[in-house]
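Peer 1: Take this structure, written in structure tokens, and hold onto it; I'll ask about it next.
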Amino acid sequence: MATDPTSATNGVSENNNSLVVCFGEMLIDFVPTVAGVSLAEAPAFKKAPGGAPANVAVGISRLGGTSAFIGKVGDDEFGYLLSNILKENNVNNSGVRFDPTARTALAFVTLRADGEREFLFYRNPSADMLLREAELDIALLEQARIFHYGSISLIEEPCKSTHLAALSIAKKAGCFLSYDPNLRLALWPSPEAARKGIMSIWDQADLIKISEDEITFLTGGDDPYSDEVVLKKLFHPNLKLLVVTEGSEGCRYYTKEFKGRVPGVKVKPVDTTGAGDAFVSGILNGLASDLSLCQDEKRLREALLFANACGALTVTERGAIPALPTKDAVLQFLSKVAT
């Protein structure tokens, strides 16, 4: 990617492509076929590909964007299944690596009656935790317009160092940096380790997407609905956009110039898995085409309404990747809502 400093805007290079590279974990979610039961009571499970960064990559592609995924899976049937799912969904999978010594990660997901989830993870360690810096596809990182990542890849070495190296390469190449902390407390050694790990790269991001629960956790119990809490404790000087997702209620947005909220779109929830990732796909797809969205409140609100609709459609089906919508489906859904 050309990085002529004269072509940079707000420190982000205006390269001609719209490639979004997503970094982190990809795994198999096992989702109960019946909602509102415990894992022990579930009569059967539906196998569904998942992992937040991979979900975002597929979501962007479904919306007509260009995306790639960098991560590691096991040299096993599930690993090849996941890599092929990326390919089938037009996601560049050249950054996927296969580990012969560890299995692909699995997660069993309990669905409560309201569609919310509880997780039981199998990773001792799983292949995604073992990605090494030498295995990074540097050329792919340098081609990206947006580099998107979470925090799960910061929990264990060697993946943590690999994540930091990828972040450094992307930043030097002029990428717009997108961060969804995606708190999964059960995977961290302690709440303190989670808070410290998530915040360790906080001030590097251009965009942060966070939930109400994550605000409460990261601020030590402060009111997640307070603009003052968000702006004083979580909005850092380099940030171009901070978005707080509130599920079916919609989202709030904060930039240096303005702040506001965009209402949600009501649907009957079946499974909330992947809703946040679908939302991220929606907003990143808009930003990949035009990074100046963050500076135009009217256009940003339109992009966030589109992202809200992406999330809403995703909760109407089980599983993350299988439920991610196409651009046409989102636009049809919004036109029905408008009427």
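Peer 1: If you check PRO191, PRO158, which single one turns out to be of a type outside the set (D, E, K, R) and closer than 19 Å to PHE119 by Cβ? Steps first, please.
Peer 2: On the way: PRO158 fails: closer than 19 Å to PHE119 by Cβ.
PRO191 is the lone residue from the list that is of a type outside the set (D, E, K, R) and closer than 19 Å to PHE119 by Cβ.
Peer 1: Would you check which residues across the range 10-31 are at pLDDT below 85 and surrounded by 12 or more Cβ atoms within 10 Å (Cβ to Cβ) and list them? Give the steps one after another, and end with the answer.
Peer 2: So in the range 10-31, the residues at pLDDT below 85 come out as 10-16, 31.
Matches in the range 10-31: ASN10, GLY11, VAL12, SER13, GLU14, ASN15, VAL31.
Peer 1: What are the residue pairs meeting all of these: first residue in the range 293-319, first residue more than 20 Å from PHE176 (Cβ to Cβ), second residue part of a loop (DSSP other than H, G, I, E, B) and among the acidic types (Asp, Glu), Cβ atoms under 7 Å, and 6 or more apart or on different chains?
Peer 2: Cβ pairs passing all conditions: VAL315/ASP271; GLU317/ASP271; ARG318/ASP271; GLY319/ASP271.
Peer 1: Give LEU291, LEU284 a once-over and let me know the one that is open to solvent by 10 Å² or more (accessible area, probe 1.4 Å), at pLDDT 95 or above and in contact with a strand residue (DSSP E or B) (Cβ under 8 Å, 6 or more places away or on another chain).
Peer 2: On the way: LEU284 fails: open to solvent by 10 Å² or more (accessible area, probe 1.4 Å).
Just one listed residue meets the conditions, LEU291.
Peer 1: Then there's this: Exactly one of (1) without any contact (Cβ under 8 Å) to a residue 40 or more places away in the chain; (2) among the charged types (D, E, K, R); (3) crowded, with 22+ Cβ neighbours inside 10 Å is unmet by ARG261. Its number?
Peer 2: Unmet condition: (3).
Peer 1: Moving to a separate point now. For the range 81-118, which residues satisfy the criterion of being open to solvent by less than 10 Å² (accessible area, probe 1.4 Å), modelled with pLDDT under 95 and part of a strand (DSSP E or B)?
Peer 2: Result: ALA107, VAL109, LEU111.
Peer 1: All but one of (1) touching a strand residue (DSSP E or B) at 6+ places or on another chain (Cβ under 6 Å); (2) under 20 Å from SER151 (Cβ atoms) hold for ALA48; which doesn't?
Peer 2: The one condition ALA48 does not meet is (2).
Peer 1: Which members of the range 156-180 meet the condition of being under 23 Å from SER211 (Cα atoms), touching a Lys or Arg at 6+ places or on another chain (Cβ under 8 Å) and outside any loop (DSSP other than H, G, I, E, B)?
Peer 2: PHE176, LEU177, SER178, TYR179
Peer 1: Additional query: Go through the range 298-334 and count every residue that is farther than 26 Å from THR273 by Cβ and either open to solvent by 60 Å² or more (accessible area, probe 1.4 Å) or in contact with a Lys or Arg (Cβ under 7 Å, 6 or more places away or on another chain) (or both).
Peer 2: The first filter runs over the range 298-334 and keeps only residues farther than 26 Å from THR273 by Cβ, leaving 298-302.
Pick out the ones that are also either open to solvent by 60 Å² or more (accessible area, probe 1.4 Å) or in contact with a Lys or Arg (Cβ under 7 Å, 6 or more places away or on another chain) (or both) and you get 298-299, 301-302.
The total comes to 4.
Peer 1: Would it be correct to say that LEU183 is assigned to a loop (DSSP other than H, G, I, E, B), of a type outside the set (Lys, Arg), in contact with a strand residue (DSSP E or B) (Cβ under 9 Å, 6 or more places away or on another chain) and open to solvent by 10 Å² or more (accessible area, probe 1.4 Å)?
Peer 2: Working: assigned to a loop (DSSP other than H, G, I, E, B): yes; of a type outside the set (Lys, Arg): yes; in contact with a strand residue (DSSP E or B) (Cβ under 9 Å, 6 or more places away or on another chain): yes; open to solvent by 10 Å² or more (accessible area, probe 1.4 Å): yes.
Yes.
The values are calculated or read from the model by the stated rules, or taken from the named source; none is laboratory data. Model, not experiment: these values are computed from the prediction. Ideal geometry is used to build each Cβ from the backbone, glycine not excepted, and the neighbour counts take in all protein chains shown. Please note that ligands, DNA and RNA were not included when accessible areas were found on the heavy atoms of the full protein model with its side chains. Shrake-Rupley method; radii C 1.70, N 1.55, O 1.52, S 1.80 Å.
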